[in-house]
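Worksheet: one structure, shown below.
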Amino acid sequence: MTTNNYAEHISTLTRTYTDALHYLSNQDTQPAAVLVHSGAQEHYYGDDRGVAFQAYGHLLHWIPVNRPNQFVYFRPDEKPIYFQIVPSDFWYEQDIDVESEWEETLTIVRLSSLNELGAQLKQHRVADITYIGGHADIAASLGINNSLINPKRLLAYLDFSRAVKTDYELEQLRAANRLALLGHAAAKARFLEGGSEYEIHMAFLQATQTLEDECPYTNIVALNEKAAILHYQFKRKINEDKGRVLLIDAGCKVRAWGSDITRTSVSEDVHPKFRSLVTAMETLELALVDEVKPGKTYQSLHASTLTRIASILVDHNICTGEVADLIELNIPQLFMPHGVGHLLGIQVHDVGGHQSDINGSLLPPPENSPALRNTRVMEANMVFTVEPGLYFIPLILEAERGSDRGKLINWNTVDELYPCGGIRIEDNIRVTSDGAENLTRQFELKESLGLEDKRHD
């Protein structure tokens, strides 16, 4: 990590939060400071075993500590304070490693309990502090006024602003892509050796030296027909039918920022038409990345995706008729029922994707594509995914047999391709001043050849 980049990142956050509080001062709430909470540990019912913890994104934006009951206190014109609560406990490890860069930019106050935090806040005019986080009960116990707990306008301002990344954030995202690609290379190799979904998954984790609960999301490792389940969640331990298709959607975190990469690989005995489709989708995905530029709307990128999918369907005799006919009848959505991507950062589906401004005004997805997660106008240093897909999903397609749309579908071909599941190709993209930086592809060859160190954090 570059020290200057982290300092500049904190300076950017300071300006954002100052502007947000100034903005709120002209609205219906009047906070003078902000307390950001990581969250509290949840437990399984009737047990003292903790659910895997994930810190609140706006806390991680300040400091990448994925631990319960961590707090950042911000008041304009004062050095931000990191209240580090480290309980006295012999059951679990509690120590938190402190990076030198944090001490240069934040005041670090080490405490042992929420009660100690409450005493600290009384020294900081608790009456004008607003709380953002997931536990209103904890906020109330600290003396926060109920009207200042999670003000919608403040959250909208911060959510909207998070889409544009600082140099520090981009540094972590590049490293997260590099690391994940090591896992993707290992996963593909294990697939070609005949590995099961579980074995492929473990190959990814081992190559990246990552624990499963450290991943930004649950890895999707789907062989053959399971590739048609968009968020397939299981890992079959036995490969009863030799894998012909592997769809793996998996990423890594560096500090708090995560990558989100999908690759589709095929074996030598895969259906030749499906192999051709994989090649076509690779070409399509790269063409979409070339369309990225500031000022373009993400909806237009999605519309371009649907047109390109329609062309592939016609070119490969999966559908008949003209491309325009398929578009008019929403036939591409039968084969790609999701959006072309989403904002990416601290959260895999990062916040603010449907906002049109800092006020929280919403721009919903188009009626023909309700699953589109991003409707923002592209601007420099915004980061999102580009992930076109083409799937043979019986649950969707079988309902069209005998319908007007179904008359344009070559059912013999579809029946042949059902066992292959589907295809998704996904890269992580940064918008530049005049185009796009592919945060994924720039490292892919090096990583597949093992030319980089495994860890970049």
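The values are calculated or read from the model by the stated rules, or taken from the named source; none is laboratory data. Everything numeric here is computed off the predicted structure, so don't read it as measured data. Cβ coordinates were reconstructed from backbone atoms using ideal geometry, including for glycine residues, and neighbour counts include every protein chain displayed.
Quick one: would you say PRO332 is under 30 Å from ASN410 (Cβ atoms), under 19 Å from the mean Cα position of the chain (by Cα) and not hydrophobic (A, V, I, L, M, F, W, C)? No: the conditions fail for PRO332. Residue pairs whose Cβ atoms lie under 8 Å apart, separated by 6 or more positions or on different chains, with the first residue in region 329-342 and closer than 13 Å to TYR391 by Cα and crowded, with 24+ Cβ neighbours inside 10 Å and the second among the acidic types (Asp, Glu) and at pLDDT below 95, do not occur. Residue count for region 22-42, restricted to those that are at pLDDT 95 or above and either of a type in the set (A, V, I, L, M, F, W, C) or surrounded by fewer than 16 Cβ atoms within 10 Å (Cβ to Cβ) (or both): 7. For the subset of region 268-278 comprising residues that are in a helix (DSSP H, G or I) and among the charged types (D, E, K, R), which member is nearest to TYR418 (Cα to Cα)? In this case the residue turns out to be LYS273. In region 295-302 there is at least one residue that is in a helix (DSSP H, G or I) and surrounded by fewer than 17 Cβ atoms within 10 Å (Cβ to Cβ). Pairing each residue of region 413-438 that is basic (Lys, Arg) with any residue that is surrounded by fewer than 23 Cβ atoms within 10 Å (Cβ to Cβ), provided the two are 6+ apart or on different chains, yields C-beta distances under 6 Å for ARG424/THR262; ARG430/VAL383; ARG430/GLU437.
A count restricted to region 191-237 and to residues that are buried (at least 23 other Cβ atoms within 10 Å of the Cβ) and touching an Asp or Glu at 6+ places or on another chain (Cβ under 6 Å) stands at 2. All told, VAL314 meets the bar of being more than 29 Å from MET202 (Cα to Cα), assigned by TED's automatic domain parsing to the domain that holds CYS215 and surrounded by fewer than 19 Cβ atoms within 10 Å (Cβ to Cβ).
Looking only at residues that are part of a loop (DSSP other than H, G, I, E, B) and in contact with a strand residue (DSSP E or B) (Cβ under 7 Å, 6 or more places away or on another chain) in region 135-160, which one is nearest to GLN54 (Cα to Cα)?
Of region 135-160, the ones part of a loop (DSSP other than H, G, I, E, B) are 135, 142-145, 150-151.
From what's left, in contact with a strand residue (DSSP E or B) (Cβ under 7 Å, 6 or more places away or on another chain): 135, 144, 150-151.
Values: HIS135: 14, ILE144: 23, ASN150: 18, PRO151: 22 Å.
The extreme case among them is HIS135.
Please work out if THR320 is polar (S, T, N, Q) and buried (at least 19 other Cβ atoms within 10 Å of the Cβ). No: the conditions fail for THR320.
Residues in region 43-90 that are exposed (fewer than 15 other Cβ atoms within 10 Å of the Cβ) and of a type in the set (D, E, K, R): ASP47, ASP48, ARG49, ASP77, GLU78, LYS79, ASP89. Sub-7 Å Cβ pairs linking a first residue in region 174-190 that is part of a helix (DSSP H, G or I) to a second residue that is surrounded by fewer than 24 Cβ atoms within 10 Å (Cβ to Cβ) and aromatic (Phe, Trp, Tyr), at least 6 apart or interchain, are ASN177/PHE443; ARG178/PHE443; LEU181/PHE443, ordered by first then second residue.
Looking at region 217-267, which of its residues are in a loop (DSSP other than H, G, I, E, B), under 24 Å from the mean Cα position of the chain (by Cα) and not hydrophobic (A, V, I, L, M, F, W, C)?
Here is the first cut: in region 217-267, the ones in a loop (DSSP other than H, G, I, E, B) are 217-219, 229-244, 251-252, 255-256, 259-260, 267.
Pick out the ones that are also under 24 Å from the mean Cα position of the chain (by Cα) and you get 217-219, 229-235, 251-252, 255-256, 259-260.
Residues satisfying the conditions are TYR217, THR218, ASN219, HIS231, TYR232, GLN233, LYS235, GLY251, ARG255, SER259, ASP260.
Across region 382-400, the qualifying residues are those that are assigned to a loop (DSSP other than H, G, I, E, B) and touching a helix residue (DSSP H, G or I) at 6+ places or on another chain (Cβ under 7 Å), and the one among them that is surrounded by the fewest Cβ atoms within 10 Å (Cβ to Cβ) is ILE393.
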